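Structure record follows, encoded as structure tokens.
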Amino acid sequence: MNAAHTDAHDSQNTSADSPDTSAEAAAASLRGRIRPLPTETDDETFLPFLDLCFNWSMDRPRIEIEDLRYRSDAVFYYRGWGREGDIAVAAHAEADAQSPIVGLAWVRLADIDDVVGRADEKVGGDFAAALDKTGTEVVRSEVVTEGDADAGAVAGSGSDVPAGTDTDGSADADDAATEPAATESAPADLTPSDEQMPFTGYGWVAADIPELSMAVLPDHQGQGIGGALLDTVCALARMSGFPAVSLSVEDGNGAAKLYTDHGFVSVGRNGDSNVLVRKLG
């Protein structure tokens, strides 16, 4: 996704003056509050956290939650949750699984049909070169051909959630010239269609590498939740057979330090964002 934008202070010790035993007890308590998200989770669970991912900066125009229900670059990250490859973990306010969710991390693969089309359109088997990736550690994967599409995704949900590039949802210039101006303000249905360019995620790197999205509610940041979610969802992704996870983090987002502290390295740029990858295993 896209840009996990959440808990930039998680790499700090939340109780620097406490004995080691207290820190260990706090960590154990936090682990007891993190649970996998069911595959039947509805859209409403994701929206508050996707909101934080898209609206991490106070210096940019806000994108309303209602718009996130329609934008193709938003619904990509949560609509139809529970498909092959989706993995999510939630941090609850208390150890009780019925308590409110205060943090969420999830990884998702791009739709295999969109990936095949993108690979064909670009440079064949080199997904990194397809996005002009550069850096000390470029992750590459094999192209999934049309005949292998059914087996392309590893069973297993970026980037931390998307905050990467152009997110204004503006219409195509030709369409704007021919359509009459709307008399009422209403969110446009920007869900993917045959007429639109396939969207594979702001932090997309390869067909078999899912993109990470993550957010922690403001009142619960600085408690180590982001780091715990990050490590847990990566561990589940590794057990599911994924070779790595990717994410996109925009320039100026303080959460970038959290990701680098937890093993993510830059593999290139996408607009005004860095694309980061953490190898698994």
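Observations, loosely collected:
- Out of TRP56, TRP81, sole residue that is under 19 Å from VAL245 (Cα atoms) and surrounded by 12 or more Cβ atoms within 10 Å (Cβ to Cβ): TRP81
Results for (1) of a type outside the set (A, V, I, L, M); (2) surrounded by fewer than 20 Cβ atoms within 10 Å (Cβ to Cβ); (3) modelled with pLDDT under 90, shown as yes or no for each residue.
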| residue | (1), (2), (3) |
| --- | --- |
| THR21 | yes, yes, yes |
| ALA26 | no, yes, yes |
| ARG35 | yes, yes, no |
| THR45 | yes, yes, no |
| GLY85 | yes, no, no |
| GLU94 | yes, yes, no |
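- Taking the stretch 176-281 as the region of interest, the strands (runs of 3 or more DSSP E) fully inside it that hold 1 or more residues being under 19 Å from LEU37 (Cβ atoms) and either open to solvent by less than 60 Å² (accessible area, probe 1.4 Å) or at pLDDT below 90 (or both) are 211-216, 244-250.
- All of VAL107, VAL143, VAL102 fail the test of being on the phi < 0 side of the Ramachandran plot and modelled with pLDDT under 95, apart from VAL143.
- Residues of the stretch 199-232 classified as touching a Gly at 6+ places or on another chain (Cβ under 7 Å) and β-branched (Val, Ile, Thr), total: 2
- Filtered residue count, the stretch 45-61, keeping only those that are polar (S, T, N, Q) and within 21 Å of TRP106 (Cβ to Cβ): 2
The values are calculated or read from the model by the stated rules, or taken from the named source; none is laboratory data. In this text, all values refer to a predicted model and were calculated from it rather than measured experimentally. Methodologically, a virtual Cβ is constructed for each residue, glycine included, from the backbone with ideal geometry; neighbour enumeration extends over all protein chains shown. Just the protein is used for accessible areas: all its heavy atoms, side chains included, with ligands, DNA and RNA removed. Shrake-Rupley method; radii C 1.70, N 1.55, O 1.52, S 1.80 Å.
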